[in-house]
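Take a look at the following structure, please.
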Amino acid sequence: MYMPGHTYIAGIGSSLPTQRVASNDLLHEVRSTRFGIPEEYISTELGIEERRVAPTKTQPSDLAASASIIAMQKAGVSPEDIDIIIFCGIEGDFKEPATAHNVQAKLGTYNAVCFDTSNACQGFLTGVSTADALISAGSAETALICTAEKPSHTMFGFMKPMRETSQHDEFMKLVGSLTVGDAGGAMVIQRKPANSHKGIKRFNYTSDGKYAKLCYYKDDGGSIEGQMDMRRICGRVIGLHKKLMPQTYELLGWTPASVDMLICHQAGKLPHKKLAAIAGQPVSKAPITYAKYANLATATFPVAMDEHPKPAGTNVMFMGAGSGVTS
């Protein structure tokens with residue numbers, strides 16, 4: 001699926017907890033060495049040295065609202081200017097209502113229509129394309145797309161079965177749950193001025209639901225079930241991007257030399273390098289967030305852009321991915 005863009009990015013913000021947790025400490029806690037897996041495995045093989053962990057009582061809307069305040073300030077908009085709020089995190093404050101309502105209450109953006117959208121780690125880009133389509137339809141002028149990820153509680157939940165299992169394969173299917181981190185992010189987008197060449201140019205997505213079970217989790221009354229088969233899911237994502245990339249460059253009228261910065265979904269060192277290679281880009285053009293923040297899921301894109309700002313007119317390519325799988 002592809003669609004033209006009708007908006008430009010007016011402001012970006014991010015929010016990161018202060019507590020740091022090292023990958024080596026997590027593998028020490030689950031006694032990985034009994035399977036011959038060194039405690040340095042995640043930091044050396046995946047390149048994820050540490051992650052941020054939010055306080056227990058922090059809600060996703062807290063992180064999203066903090067990031068949104070920064071994005072709105074950078075965009076130069078007031079709470080009254082926001083027409084739409086879309087929250088895109090994998091988990092929200094509640095099953096219902098939509099977490100976007102809590103964000104609205106914390107920001108005072110009471111002119112906005114609020115809803116959540118979910119698409120695993122691809123959720124933020126899905127939210128941006130949804131907001132862009134609504135602005136294109138004339139339903140709004142200014143949209144706030146926000147997200148927050150707090151997978152640390154799930155990470156700590158999976159550590160119990162990791163400590164208890166005696167099966168190497170079962171242990172390895174759960175290692176991916178230790179590669180995540182907490183963060184919030186936000187973006188304000190607005191309608192492009194007439195005949196403007198700036199802003200979002202194209203969206204291009206595809207999905208393949210045959211692989212939904214490669215990365216999933218569910219919480220049934222406090223009992224966590226799931227897996228993150230990183231090797232296989234990364235392979236599927238790479239395959240989808242290989243099919244998409246030639247078409248994407250053609251739709252944009254770009255070549256690899258046209259790209260000034262590449263922001264990828266960041267599950268670790270090797271997937272990051274492979275995605276950059278598919279785009280024909282050196283890793284030096286693809287800012288790294290996974291080393292210090294781990295896999296931030298939907299928050300990857302606003303955090304990376306907030307920490308590596310570029311001037312207007314810079315050509316930035318986004319390469320998203322989400323379990324299911326979607327690219």
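Out of the stretch 69-106, which residues are more than 22 Å from the chain's Cα centre (by Cα), surrounded by 18 or more Cβ atoms within 10 Å (Cβ to Cβ) and not acidic (Asp, Glu)?
Answer for the stretch 69-106, where residues must be more than 22 Å from the chain's Cα centre (by Cα), surrounded by 18 or more Cβ atoms within 10 Å (Cβ to Cβ) and not acidic (Asp, Glu): Val77, Ile82.
Output the residues belonging to the stretch 74-132 that are among the polar types (S, T, N, Q) and touching an Asp or Glu at 6+ places or on another chain (Cβ under 8 Å).
Passing the criteria: Thr99, Asn102, Thr109, Asn111.
Condition (residue is in a helix (DSSP H, G or I) and touching a strand residue (DSSP E or B) at 6+ places or on another chain (Cβ under 6 Å)) applied to the stretch 82-99: is it met by at least one residue?
Yes: one or more hits.
Then there is this: Please specify each residue of the stretch 142-169 satisfying the condition of being of a type in the set (S, T, N, Q) and either touching a residue at least 24 places away in the same chain (Cβ under 8 Å) or in contact with an Asp or Glu (Cβ under 9 Å, 6 or more places away or on another chain) (or both).
Thr142, Thr147, Ser152, Thr154
Any chance you could count how many residues in the stretch 49-58 are part of a loop (DSSP other than H, G, I, E, B) and either crowded, with 19+ Cβ neighbours inside 10 Å or of a type in the set (A, V, I, L, M) (or both)?
Result for the stretch 49-58: 1.
Take residues that are outside the structural domain of Asn295 (by the TED database), modelled with pLDDT of 95 or more and surrounded by 18 or more Cβ atoms within 10 Å (Cβ to Cβ) and tell me which of the strands (runs of 3 or more DSSP E) falling wholly in the stretch 110-222 contain 1 or more.
Ranges flagged: 113-116, 142-149, 183-191.
In the stretch 223-266, how many residues are assigned to a strand (DSSP E or B) and either modelled with pLDDT under 85 or over 16 Å from Ala120 (Cβ atoms) (or both)?
9
The values are calculated or read from the model by the stated rules, or taken from the named source; none is laboratory data. This is a predicted model, so every value here is computed, not measured. Please note: Cβ atoms are built from the backbone with ideal geometry, for glycine as well, and neighbour counts cover all protein chains shown.
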